[in-house]
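Notes follow the structure.
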Amino acid sequence: MLATKDYIKIEDQYGAHNYKPLDVVLTRGSGVWVEDVEGKRYMDFLAAYSAVNQGHCHPRVVKALQEQGARLALTSRAFRNDQLPLLAQELCELTGYEMMLPMNSGAEAVETAIKAARKWGYKVKGVPKDKAEIIVCSGNFHGRTTTIVSFSTDEQYKDGFGPLTPGFVVIEYGNLEQLRRAINANTVAFLVEPIQGESGIIVPPEGFLREAARLCKAQQVLLIADEIQSGLGRTGKLFAYEHEQVKPAMVIIGKALSGGMYPVSAVVASQEILGVFKPGDHGSTYGGNPLACAIAREALRIIVEEKLPQRSAELGTYLIAKLQQIKSPHVESYRGKGLWVGIVLKKTAGGARRFCEALMARGILAKETHENVIRLAPPLIITKEEIDWALDHIAAVLTK
C-alpha cells in the first residue's frame, strides 16, 4: 500500500509542477470532512475554492450522477438531450435571466462572456470592427487561458505567455472615478468580481457595484459579474451582487453549480446579449451534456432547499465575530462576507503558508492566497459546533 510520501514522489516525478499543494493526499470525503490515504481526518476549510458549497459527495448529487451516468452521459451539442432544456429553464427561473449558455470550466464561461460582450458590441452597440474594449480591475482573477491572463495584474500569470491579447483596460478595484474615466464609445463591458477571491477576499467599498451598474447602464456598457467563486450562496446571498441590489447584464457561474461533482459552468443574460450567437459561433463538445445538466439541476435544488445562502449569512457572521475575538500578534485584520473570510497577516508574520501547514497538522485544511492571507471557505453545510471546533485550532495556531 502506498503512503503519503510515495504518492507525492510519483506526482512530483510525472506531474507538471504548476501547483504547490499542501502535502496531504486525500482519498475520500463526506460533508465538511475529508480523509487522507493513511486514515487521518481533516475539516475542509477551502471547499475546493467554493466548488463544494453543498459538501463533499452530497448523497443527492451522487445519486444524480449515478442515475444519469447509467442512462446517458454525453451526446455533444450535435444532438439535443432531455436534461439541458430543463437546466436552462430552472437556472433562468432561479436567476431571473432570459437565456443561459452552458460550458464546463469557469474559465470557459469567462471566455464565453468576453466573446458575447464583444459580439454584442459590434452587432448591437455599433462599435467599429476590432475596437471593442472591456474594462477589468486590478487584482482580478478570472481564469488561466491566454486571453484571461492577458488582463491579469499579477505578472507571474503573464510571464512567458505572450503575445498577450489586446482590448482590455485595467482600473483600480473599487475606484468609481477611474471606471467613469475609462468608459468611452468603444467600451462594451465591465468585467468584475463582486468580491475578489484570489486576491484575498477583498470586499469593495459600499455602493461600488451599485454605482458601477448605474454608470454602465447610462453608457450602454454591459456589467458582467464573475460569480464563479462568490456565487451560489458563498457570501450569504445566492449571488454576491445581491448585497447591492443590482442586476448585472451577464452573470458567470461555475464551481458550486455542480456541487463539486463534475465541471459545469454557465453564463446567464438577456436574449439581446446571448442571442448574438448563431450556430457555429461558439461551442463545446461537453458543454451542456446530459450528465452535467442532471448534476447541476440537483446541485441547484440543494442550494435552495437546504437554504445554504441563509446558512452562510448566519454562520459567516458568527465565524467573523469569533475570529475578531482572537488576539493574535500576527493578524492585521479579518475581512469577508458570509462563509468566505480572509485572515490578513502582518508582514512580520512570516507568510500564510506556515500557518496553513500548522492548521493541517491540527486537522484543518485551509489555503494561503497572495502570500499573507489565509482563506477560510468551508462547505456551507458546516454546523456551528464544527465551526467552534475549528476556531479552537485556528486560535491556537494564530496565537502561538
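The values are calculated or read from the model by the stated rules, or taken from the named source; none is laboratory data. Computed from a predicted model, the values in this text were never measured in an experiment. Note: ideal-geometry Cβ built from the backbone for every residue, glycine included; neighbour counts use all protein chains shown.
Table for the structure above
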quantity: Residue in region 94-103 that is in the same structural domain as VAL267 (by TED's automatic domain parsing), touching a helix residue (DSSP H, G or I) at 6+ places or on another chain (Cβ under 8 Å) and closer than 14 Å to ALA294 by Cβ present; calculated: yes
quantity: Checklist (1) touching a residue at least 40 places away in the same chain (Cβ under 8 Å); (2) part of a helix (DSSP H, G or I); (3) of a type outside the set (Ser, Thr, Tyr); (4) surrounded by fewer than 23 Cβ atoms within 10 Å (Cβ to Cβ) applied to ILE295, failing item; calculated: (4)
quantity: In region 335-350, residue surrounded by the most Cβ atoms within 10 Å (Cβ to Cβ) [restricted to those that are touching a residue at least 60 places away in the same chain (Cβ under 8 Å) and either in contact with a Cys (Cβ under 8 Å, 6 or more places away or on another chain) or small (Gly, Ala, Ser) (or both)]; calculated: GLY338
quantity: Count - residues of region 88-122 that are touching a residue at least 12 places away in the same chain (Cβ under 8 Å), in a helix (DSSP H, G or I) and more than 15 Å from ASP226 (Cα to Cα); calculated: 9
quantity: Tally of residues being out of contact with any helix residue (DSSP H, G or I) (no Cβ under 6 Å at 6 or more places or on another chain), of a type in the set (A, V, I, L, M) and outside any helix (DSSP H, G or I) across region 349-365; calculated: 2
quantity: Number of the condition not met by GLU198 [criteria: (1) surrounded by fewer than 24 Cβ atoms within 10 Å (Cβ to Cβ); (2) touching a helix residue (DSSP H, G or I) at 6+ places or on another chain (Cβ under 8 Å)]; calculated: (2)
quantity: Any hit, region 77-87, residues being buried (at least 16 other Cβ atoms within 10 Å of the Cβ), touching a strand residue (DSSP E or B) at 6+ places or on another chain (Cβ under 8 Å) and free of Cβ contacts under 8 Å to residues at least 40 places away in the same chain; calculated: no
quantity: Qualifying residue in region 133-147 (condition: in contact with a His (Cβ under 7 Å, 6 or more places away or on another chain) and either of a type in the set (Phe, Trp, Tyr) or under 23 Å from PHE239 (Cβ atoms) (or both)); calculated: no
quantity: Residue in region 223-240 that is modelled with pLDDT of 95 or more and part of a helix (DSSP H, G or I) present; calculated: yes
quantity: Test: residue in region 279-287 that is crowded, with 23+ Cβ neighbours inside 10 Å and not charged (D, E, K, R); calculated: yes
quantity: Number of the exception - LEU74 against (1) part of a loop (DSSP other than H, G, I, E, B); (2) free of Cβ contacts under 8 Å to residues at least 12 places away in the same chain; calculated: (2)
quantity: Some residue of region 233-242 being out of contact with any helix residue (DSSP H, G or I) (no Cβ under 6 Å at 6 or more places or on another chain) and surrounded by fewer than 24 Cβ atoms within 10 Å (Cβ to Cβ); calculated: yes
quantity: Any hit, region 38-61, residues being of a type in the set (Val, Ile, Thr), at negative phi and surrounded by fewer than 19 Cβ atoms within 10 Å (Cβ to Cβ); calculated: no
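This table checks each residue for (1) outside the structural domain of GLU108 (by TED's automatic domain parsing); (2) over 23 Å from HIS56 (Cα atoms).
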position	(1), (2)
ALA292	no, no
ARG297	no, no
SER312	yes, no
GLN325	yes, yes
TRP340	yes, no
GLY350	yes, yes
